[in-house]
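Read the figures in this text as sums done on the coordinates, not as results from a lab. These numbers were taken from a predicted model, which means no experiment stands behind them. All Cβ positions, glycine included, derive from the backbone under ideal geometry; neighbour counts span all protein chains shown.
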Amino acid sequence: MLKKSTLSAFMAMILAVSMLAACNGDKNSAGQTKQEKTEQKASSANDEIKKGASQMQAINKQLLDALEAKDTAKIKALGKSINDKWLSFENAVRDRFPLLYTKVEKYEQPIFAESTMAHPDLTGMRENARNLQQALDELKTAKATAQKASELLDKAVKNYKDYVLEQADHLVEATAKFTAAVKAGDIEKAKQLYPDARVYYERIEPIAESFGDLDPKIDARIDDVDDPAKWTGFHRLEKALWKDHSLKGQAKYADQLLSDVKDLKAKIQTLKLKPEAMVAGAMELLNEAAISKVTGEEERYSHIDLVDLSANVEGSQAVYQAVIPALNEHNKALLQELDTRFRKMEEKMLTYKSNGRYIDYTKLSKDQVRELSQALSELSKSMSQTAEILG
Ligand SMILES: [Cu+2]
């Protein structure tokens, strides 16, 4: 749940900053020669991208074969090669084709993450590898068009909205399964299904401010509500499962939760998303993660906090990807910084997985928690700088 007061104060600050930083497009009059140089540079960047995409496809083809043969050792090695290859030319892609960059990342990242697991999910990998092959086809034939940064930004924001809608679909499906188990009184099954549903809510939490009272209804902690009798949502059921060890009287909360996430999905369809608000939401969420979520308060009964934290990071990364066109235009150093921070964070989170699931939050040492908090707060700071360039 996002705390309203901090967010609106923050929005006011952004407004002030963005008014100060009014556009100062530094066009100088060097003219032709400079433009020619730029074009030369562009065409060599395009060659680099095409070559990189072909090489990456060749490795990915080998991966598809290895997946067919269920050759785990090969799959692991190829997952790493694909990632190394991508890292070698991703900056050029991000620079020239920000939308395709995000598309490749969408499939490449899970392939790499899965390849580091002891028992990779081969079916999921195959689907991502097939999609990656297609995305790379698009990249090979992509033409640099003189699209305005503002048009690119609009498209990227639209892609972000598609991402949110996709997560909302999954949220409804996963919540339906979870609440069915609750209503059937099956404690063990409900415990298993709970984290699956949580992921999808926590991924879209950067824009929770726009959910109105559905956010507290779905995600409030007991201390967020004035009257504990009116407390509803995931954490109400979490308490029943892990603390009370009883699902007696919980059917009405299960029904309410499912109906609330359905309402949320409908609401998201009509939302108009603004990049400034998205970035502010991500920065506030990461800040809340660094300060309060990191204490384990959100999932205080189930201790699945790492599920939430990683989903918050993934969701914030999706916001970052939506504003890459603006960052490309205004602040490449910050873009690079964010890219590195997200990548490092993602790698860090992977180390907290065991058998494909995040470990219990209470298993983390104090140093590990401190490290996590620091990384989250640095990400939040980079996001707040991003907010300054949008306006
Ligand atoms: Cu939450």
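If you project the alpha carbons of segment 236-391 onto the principal axes, what extent comes out on each, in Å, largest first?
Projected onto the principal axes, the Cα atoms of segment 236-391 cover 56, 42, 26 Å.
If you line up the Cα atoms of segment 38-97 on their principal axes, what length do they span on each, largest first, in Å?
Extents along the principal axes: 46, 14, 13 Å.
Using a Cα-Cα cut-off of under 15 Å, which aspartates and glutamates could be cross-linked to Lys332, ignoring same-chain neighbours fewer than 8 residues away?
Leaving aside aspartates and glutamates fewer than 8 places away in the same chain, those within reach of Lys332 are Glu90, Asp95, Glu388.
Semi-axes, largest first, in whole Å: what does sqrt of 5 times each Cα gyration tensor eigenvalue give for the chain?
Equivalent ellipsoid of the chain: 37, 27, 18 Å, largest first.
So how strong a dipole does the chain carry about its Cα centre when Lys and Arg Cβ are +1 and Asp and Glu Cβ are -1, to the nearest 20 debye?
Working: 58 positive and 61 negative charges, 118 e Å.
For this selection, approximately 560 debye.
Neighbour counts of other C-beta atoms within 10 Å: give me Met278, Met349, Met125 arranged from fewest to most.
Met349, Met125, Met278
Compute the long axis of helix 98-115 from its Cα atoms, compare it with the longest principal axis of the Cα atoms of the chain, and write down the angle in degrees, 0 to 90, nearest 10.
It is inclined by approximately 60 degrees.
Can you work out the FRET efficiency for the pair Lys344 and Glu297, with r the C-beta to C-beta distance and R0 = 35 Å, to the nearest 0.05? Please list the in-between numbers first.
Working: r = 25 Å, r/R0 = 0.71.
FRET efficiency, Lys344 to Glu297: 0.90.
What is the helix-to-structure angle for 149-183, meaning the angle in degrees between its Cα long axis and the longest Cα principal axis of the chain, kept from 0 to 90 and rounded to the nearest 10?
20
Build a GNM of the chain with springs between Cα atoms under 10 Å: which of Asn131, Asn159, Asn355 gets the top mean-square fluctuation?
Asn355
Exposed loop trypsin sites (Lys or Arg not before Pro) only (DSSP loop, at most 14 other Cβ atoms within 10 Å): please give the longest stretch of the chain free of them, not including the sites.
On the way: sites that count: Lys3, Lys27, Lys70, Lys143, Lys148, Lys248, Lys272.
Counting at most 14 other Cβ atoms within 10 Å as exposed, the longest clean stretch of the chain is 273-391.
If contacts are Cα pairs under 8 angstrom and at least 6 residues apart, what is the relative contact order of the chain in percent? List each step's numbers first, then the result.
Details: 459 pairs, mean separation 80.3, N = 391.
Once normalised by length, the contact order is 21 percent.
Before rounding to the nearest 500, sum -39500 (n - 2.57) across all DSSP H runs of length at least 4 in the chain and divide by the residue total; then give [θ] at 222 nm in deg cm²/dmol.
One gets -25000 deg cm²/dmol as the mean residue ellipticity at 222 nm.
Take the Cβ-Cβ distance between Lys51 and Asp84 as r, set R0 to 22 Å, and report the resulting FRET efficiency rounded to the nearest 0.05. Show your work: numbers first, answer last.
Values: r = 15 Å, r/R0 = 0.68.
After rounding to 0.05, the efficiency reads 0.90.
Among the aspartates and glutamates, which have Cα under 19 Å from the Cα of Lys191 when same-chain residues fewer than 8 positions away are ignored?
Glu173, Glu202, Asp219, Glu238, Asp244, Asp255, Glu297, Glu298, Glu299, Asp305, Asp308, Asp360
I'd like to know which of Tyr361, Ala69, Asn128 lies farthest towards the positive end of the charge dipole of the chain, counting +1 on Cβ of Lys and Arg and -1 on Cβ of Asp and Glu.
Selected residue: Ala69.
Can you work out the Karplus-derived ³J(HN,Hα) for every residue in segment 134-140? Use 6.51 cos²θ - 1.76 cosθ + 1.60 with θ = phi - 60°, whole Hz, and x for glycine or proline.
5, 4, 6, 4, 4, 5, 5
Taking N as the number of residues in segment 108-147, what is its Cα Rg relative to 2.2 N^0.38 Å?
Ratio of Rg to 2.2 N^0.38 Å for segment 108-147: 1.53.
What's the angle, to the nearest 10 degrees (0 to 90), between helix 72-96's Cα axis and the longest principal axis of the chain?
60
Output ³J(HN,Hα) for segment 56-69: one whole-Hz value per residue in order, computed from phi by the Karplus curve 6.51 cos²θ - 1.76 cosθ + 1.60 with θ = phi - 60°, and x for Gly and Pro.
Karplus values, whole Hz, x for Gly and Pro: 5, 5, 4, 5, 5, 5, 4, 5, 4, 5, 5, 5, 4, 7.
Can you pull out the chymotrypsin sites (Phe, Trp or Tyr not before Pro) in segment 287-383 whose DSSP state is coil and whose Cβ has at most 16 other Cβ atoms within 10 Å?
Working: sites: Tyr301, Tyr320, Phe342, Tyr352, Tyr358, Tyr361; in loops: Tyr301, Tyr352.
Those satisfying the criteria are Tyr301.
Working out 0.36 nm times the residue gap between Asp223 and Ile359, then minus their Cα-Cα distance, what length gain in nm do you get to one decimal?
Details: separation 136, 0.36 × 136 = 48.96 nm, distance 2.54 nm.
Here the answer is 46.4 nm.
What do you get for GluC sites (Glu not before Pro) in segment 239-320 restricted to DSSP loop and a cutoff of at most 15 other Cβ within 10 Å of the site's Cβ? Don't skip to the answer; put the middle values down first.
Numbers: sites: Glu276, Glu284, Glu288, Glu297, Glu298, Glu299, Glu314; in loops: Glu297, Glu298, Glu299.
Answer in residue order: Glu297.
What is the percent of Cα-Cα separations in segment 136-279 that go past 21 Å?
The answer is 50 percent, as a whole percent.
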